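Rule-based calculations on the coordinates, nothing more; no lab input. The shown structure was predicted, so the numbers you read here are calculated from the model rather than taken from an experiment. Please note: Cβ atoms are built from the backbone with ideal geometry, for glycine as well, and neighbour counts cover all protein chains shown.
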Amino acid sequence: MTMSSLEDMQRISDKFRDKYTVSMLYVREAQPGENWPQPSQMNTKRQHALEFASISPGQLLVLVDGLEGDLHRQLDTKPNSLHIIDQQGQILFMSLWAGDNKAVITAIDQLEDGQNDSAVSVSECMVMPFLRGAAFMHDTLQQAGKRADRELMRGAPPIWLLSRAASVLKFVPHKQRGIVVMFVLLTLLIVLVAIFIFS
């Protein structure tokens, strides 16, 4: 999910560079594997963050959370949430998924126009960011190691299947692969239901 949102975060960073600092908080490994295990020491976690920064497109600042993800737990427990925080540390906006670009841009535009009230605005949009991220899952799991891939297959077979199917569609732009796979699967389901009903 993180890899699918990096280009958009870089665009937001470039657009608002003079007013905002866009940074990423390196939290706990969502899918640890033998190649990228869950760090048990801060030196290992810092090394993981450096390696992540080196393979990430763009030039986003990468901050490293504590070993147990203390700051992440205070902000939100979702692995890929996004927050707009003012200089006093007050959260002005949060999105459960960093890939909800429309909501992020709208929130920034509202802040620019002085439309922010005391209530924190929250975006809970998950489906489209998740489908955009599906195409990146298989490659990310392969980088983490076979154990990460096996654990997703056992723990969430539909998500694993979606990620595998999306990884096959090399001719479709990356962020659209999950959407195409979901459309194909829904079409097949409708056809099967129609055959069952009319047979």
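Side notes on the structure shown:
- Relative contact order of region 128-198, pairs being alpha-carbon contacts under 8 Å that are 6 or more residues apart, as %: 39 percent
- Kyte-Doolittle at least 1.6, axis length at least 15 Å by Cα - qualifying DSSP helices, the chain: 177-198
- Distance in nm between pseudo-label sites at R147 and R46 (7 Å out along the Cβ direction from Cα): 2.4 nm
- Here the label points at M126 and A156, each 7 Å from Cα along the C-beta direction, are separated by 0.9 nm in the simple model.
- Amide H contacts under 5 Å for S123, placed H, 5+ residues apart: M94, S95, L96
- Along its three principal directions, the equivalent ellipsoid of region 2-125 from the Cα gyration tensor extends over semi-axes of 27, 16, 13 Å, largest first.
- Nearest-0.05 FRET efficiency for I197 and D109, computed from C-beta distance (R0 30 Å): 0.05
- Antiparallel content of DSSP bridges confined to the chain, in %, to 5: 35 percent
- Going from the residue with the fewest nearby Cβ atoms within 10 Å to the one with the most, D149, D113, D70 rank D113, D70, D149.
- Estimated 222 nm signal from helices in the chain, with DSSP H stretches of n ≥ 4 weighted -39500 (n - 2.57), rounded to 500: -17500 deg cm²/dmol
- Net charge in the neighbourhood of S13 (other residues with Cβ under 13 Å of its Cβ; Lys, Arg +1, Asp, Glu -1) is 0.
- Hydrodynamic estimate: the Kirkwood radius of region 128-198 over Cα pairs, inserted into Stokes-Einstein at 4 °C and 1.567 mPa s, corresponds to D of 101 µm²/s.
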